[in-house]
Structure formats: C-alpha cells, structure tokens
1. First select every other residue whose beta carbon is under 14 angstrom from the beta carbon of Gln220; then total the charges, Lys and Arg +1, Asp and Glu -1.
2. Loop-only check: which trypsin sites (Lys or Arg not before Pro) in the range 66-148 are DSSP coil with at most 13 other Cβ within 10 angstrom?
3. Any idea what the relative contact order of the range 91-158 is, in percent, if you count C-alpha pairs under 8 Å spaced at least 6 apart?
4. Can you give the net charge of the other residues whose Cβ lies under 12 Å from the Cβ of Leu54, counting K and R as +1 and D and E as -1?
5. Give me the dipole magnitude in Debye, nearest 20, for the range 91-158 about the Cα centre, with unit charges on the beta carbon: positive for Lys and Arg, negative for Asp and Glu.
6. When the accessible area of the range 24-103 is computed with all protein chains present and a 1.4 Å probe, what percentage of it is carbon and sulfur?
7. May I ask you to evaluate 6.51 cos²θ - 1.76 cosθ + 1.60, the Karplus curve with θ = phi - 60°, for each residue of the range 23-37 and list the ³J(HN,Hα) values in order in whole Hz, giving x for glycine and proline?
8. Distance check, please: which entries in Lys55/Lys176; Lys118/Lys146; Lys12/Lys176 exceed 27 angstrom between their Cα atoms?
Amino acid sequence: MTAALTVNSARKAFGGLIAVNDVSFEVRRGELLGLIGPNGSGKTTMLNLISGALKPTSGEIMLEGRRISGLPAHAIARQGVARTFQLVRVLPSLDAEQNVMAGAVFGHVRSWGADARKTSRALLDRVGLGARAHMPVSAMTYIDQKRVELARALAANPRILLLDEWLAGLNPSELKIGISLVDELRREGRTIIMVEHVMDAIRSLCDRCVVMSSGRTIAQGGVEETLSDPEVVRAYLGDEDA
Ligand SMILES: Nc1ncnc2c1ncn2[C@@H]1O[C@H](COP(=O)(O)OP(=O)(O)O)[C@@H](O)[C@H]1O
Ligand SMILES: [Mg+2]
C-alpha cells in the first residue's frame, strides 16, 4: 500500500549548516508518527520541507505517492497538507470563526459561505471554543490561539496534519485536554506527524517515532524501543547539559 507520506533523503542546507541531513521515513495512512529530538535537531525544518515553507536542497517528498517537494506551499496545502506552527500564526484582526474559515477556503477540501461557517463552528466546538467563535483572536490567550490554529488546520480536512509542538506551553489540565483531543484525531483515522517534547504525550499517542539529532535520523521504530535506544538517550542528555 502507498504510504501517506514518503520522505526520501530530504536535505536542507542553510549556507554551511545542514539542518536536515538526508532524512528518510514514511508515514502510513492513519498513523500518528512522533518526530522528536533535542532542540535544533531539525524537526521544524523537516516540517517546513513537507509543507513547502522551505524547498529541500535535495531529496524528495511524496504525498500518497505523488511528488510534492518543489511545489509552492499553497499548492501543497491544496494537495492535503495542513499544519500548526511552533510559534502560533493566526490572523489577529479576525475572529476565531473567520480564522478557521480561512482554513476551509485555502485547504484541501475547499468550502466557503454557509458550508465553511458550519464546518468552522463544529471545529471550534471540538477544540473547546464554541462560545468564543466571534472573539477577535488578538484578545485570546496563547493557548486559545493554538486551539484556533488546530481548528483551522482541520477545516481543510487534510490528508496529513503536521503539529509542531502543539502541546508546548499548556498547563497540566490543558495538557490533559490537549492529549485527548489529539487522541480523538488519531482514533478517527487521521494521519499525523507530531513534533513534541512532552514524553507522556509521545508515549500515550504515537504509533512510531523518528528521532533526529543534528539534522540526522538516529533512530526510528516503536516508541519504547526508540526512546530506550542508547544513542537517543545520549542525544537527549546532551541537550539537557547544554
Ligand atoms: N531559516 C533558517 N536559516 C538559517 N538557519 C536555520 C533556519 N531555520 C533553522 N535553522 C537552523 O537549523 C537548525 C535546526 O533548526 P530547527 O529545525 O528549528 O530545529 P528544531 O525544530 O528541532 O528545534 C538550527 O541550527 C537552526 O538554527
Ligand atoms: Mg522546532
């Protein structure tokens, strides 16, 4: 069966720095893949290569067997890649509903007008913002802006959803809600790549992990097996020492 996403020797150089160094992995349909590694290991850059925010220096990326690397970001979004950002990016002057509707208009399964509004309302309910659909996003807390961003990403009904530290910065009770929300997405069969530092979340949610360190993949496979890999343990200890 064709993988949902295939990353084949993806490389990204910034001048002399190779942020992503010939990384290869697959994401199966309906799988939640954890992309983990110490700070600066290239995780966000890898997501940027998939979403088209950056073009790979070499290598290729395929969505459902069709090459997407090299296409502009908007075309990749159309093909069915949606994401959230490590540092939230919302349209601050618009309200929550308008932000989510923007996702419905520009994404993979496009809708507008009454349909887009209906989808947006349902998604805002789902992320716990049903009562605040008309609040300007600029007046919302950071966490609520993250919820808006997730709803916006889902509005396009993407083939693959990329979450860049979506759980970061949540307090313990918000974290519990956040984890169960991601778990619901997983159980409805969505294909997800989750960049995450919260180990509890990785253990409870991920089917498999890919571990990066200094731009390279140092381990991939089952969650427990990769987390206990000596090289992975070393990479994380090195990060804590830094
Ligand atoms: N646009 C850029 N220009 C130059 N260097 C960058 C750029 N984006 C990321 N980097 C560098 O690439 C490396 C990987 O960064 P990043 O992908 O953000 O890591 P992570 O998300 O794993 O913390 C870091 O050394 C970072 O400074
Ligand atoms: Mg990052």
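1. -4
2. Arg89
3. Reported as a whole number, the value is 50 percent.
4. +3
5. Roughly 120 debye, rounded to the nearest 20.
6. Answer for the range 24-103 is 53 percent, counting heavy atoms of protein chains only.
7. 8, 10, 6, 10, 10, 7, 4, x, 9, 10, 9, x, 10, 10, x
8. Over 27 Å apart, Cα to Cα: Lys55/Lys176; Lys12/Lys176.
The values are calculated or read from the model by the stated rules, or taken from the named source; none is laboratory data. The structure presented is a predicted model; accordingly, all values stated were derived computationally and were not measured. Counting neighbours? That spans all protein chains shown, and the Cβs are built from the backbone with ideal geometry, glycine included. The accessibility values were calculated without ligands, DNA or RNA, using every heavy atom of the protein model including side chains. Shrake-Rupley method; radii C 1.70, N 1.55, O 1.52, S 1.80 Å.
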